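Below is one structure; the comments refer to it alone.
Since every read-out is calculated from the coordinates, none of them should be taken as a lab result. In this text the structure is predicted, and so the values were computed from the model without any measurement. Here the Cβ positions follow ideal geometry from the backbone for every residue, glycine too, while neighbour counts run over all protein chains shown.
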Ligand SMILES: Cc1cc2nc3c(=O)[nH]c(=O)nc-3n(C[C@H](O)[C@H](O)[C@H](O)COP(=O)(O)O)c2cc1C
C-alpha cells in the first residue's frame, strides 16, 4: 500500500517492516503484531512482513550472510523507515530466534529508524522484559527512537477459529496509542526530511535569475 510519505534520501514511500520473532506457528505475539499492522494500514503506509521462523534455520544459526533469503531479509530491514517487532517472552527475556536474526544486522542496522516493540507472555511476572531485555538491543542497533511498547499476557490476546482475534480492551487502547505514536514519529521524520531536502536543494544565484517580459 502506498502513501505520500517519503524517505529522506529519495522519493520512495516510507515503509514499515513488521518482524515476528516467535518460533511458533500459531503465534499470539504474531497476532498482536498483525493487529498493529492492520492499524498502520489505515494510515496508508507501505508495509512489509518478516517471520523469523520462516528464515532458513541453518543459515541463521551459522550466520551465513551469503544465504540469499537471509541477506534479502536483512536488506528489507535496511529499506524500512520503521520497524514493529514482536516476540514471546521466553525465560524472562525475548525469543532466541529473534536474537539470532538481530545479531546478523549490521552494527547500526536500525540507525535512523523508529521502532515499536510488542510482546506476549504467559504471566505478568515479566512485564518489564521489553524494557530490560529487548529495548537495550534495539537502542544498541541505533534505533532513532523506541516507542513505548505493548506487553500483553496470553489471556489478553485470544484467538478463536470462527471469530478471529479478540484483544482485551486495555490492550486495544494501548496498541492504538503505540501505533499513533509511531505514525506521529514517522510524520515528524517526513517533515524533517522535506525540510532537509529544501536546504540541500541547489540554490540559483540571484544574478542568474532571468525573467521573461
Ligand atoms: C520456551 C518457553 C518459555 C517461556 N518463558 C516464559 C517466561 O519466562 N515468562 C512468561 O511470562 N511466559 C513465558 N512463556 C509463555 C509465552 O511467553 C507466551 O505463551 C507467549 O504468548 C507465546 O507467544 P507466541 O505464541 O507468539 O510464541 C514461555 C513459553 C515457552 C514456550
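P(r) tail for the stretch 154-207, what percent of Cα pairs lie past 15 Å?
Above the 15 Å cut-off, the stretch 154-207 has 69 percent of its Cα pairs.
Would you mind checking the tilt of helix 68-79 against the longest principal axis of the Cα atoms of the chain, expressed as 0 to 90 degrees and rounded to 10?
The angle comes out at about 60 degrees.
Modelling each spin label as a point 7 Å along the Cα-to-Cβ direction, I'd like the residue 91/residue 48 distance in nm, to one decimal.
It works out to 3.1 nm between the two label points.
Given a Förster radius of 25 Å and the C-beta distance between residue 131 and residue 38 as r, what FRET efficiency does 1/(1 + (r/R0)^6) yield to the nearest 0.05?
About 0.50, to the nearest 0.05.
Using a Gaussian network for the chain with springs between C-alpha atoms less than 10 Å apart, which of these wobbles most: 128, 98, 17?
Looking only at 128, 98, 17, the largest GNM fluctuation is found for 128.
Over the residues of the stretch 15-208, compute the C-alpha Rg and express it relative to 2.2 N^0.38 Å.
1.12
DSSP beta bridges in the chain, what fraction antiparallel, as a percent rounded to 5?
Of all bridge pairs located within the chain, approximately 25 percent are antiparallel.
Kindly express, to the nearest 10 degrees and within the range 0 to 90, the angle between helix 28-41's C-alpha long axis and the longest C-alpha principal axis of the chain.
Roughly 30 degrees, rounded to the nearest 10.
Looking at the square roots a ≥ b ≥ c of the eigenvalues of the Cα gyration tensor of the stretch 25-76, which shape do they give, rounded for a/c under 1.5, prolate if a/b is larger than b/c, or oblate?
oblate
Multiply the residue gap between residue 155 and residue 123 by 0.36 nm, knock off their C-alpha separation, and tell me the result in nm, one decimal place.
10.6 nm
For the Cα atoms of the chain, what angle does the longest principal axis make with the long axis of helix 169-200, in degrees from 0 to 90, nearest 10?
Rounded to the nearest ten degrees, it is 20.
Run the simple label-point estimate for residue 203 and residue 107 please: 7 Å along Cα→C-beta, distance reported in nm.
3.5
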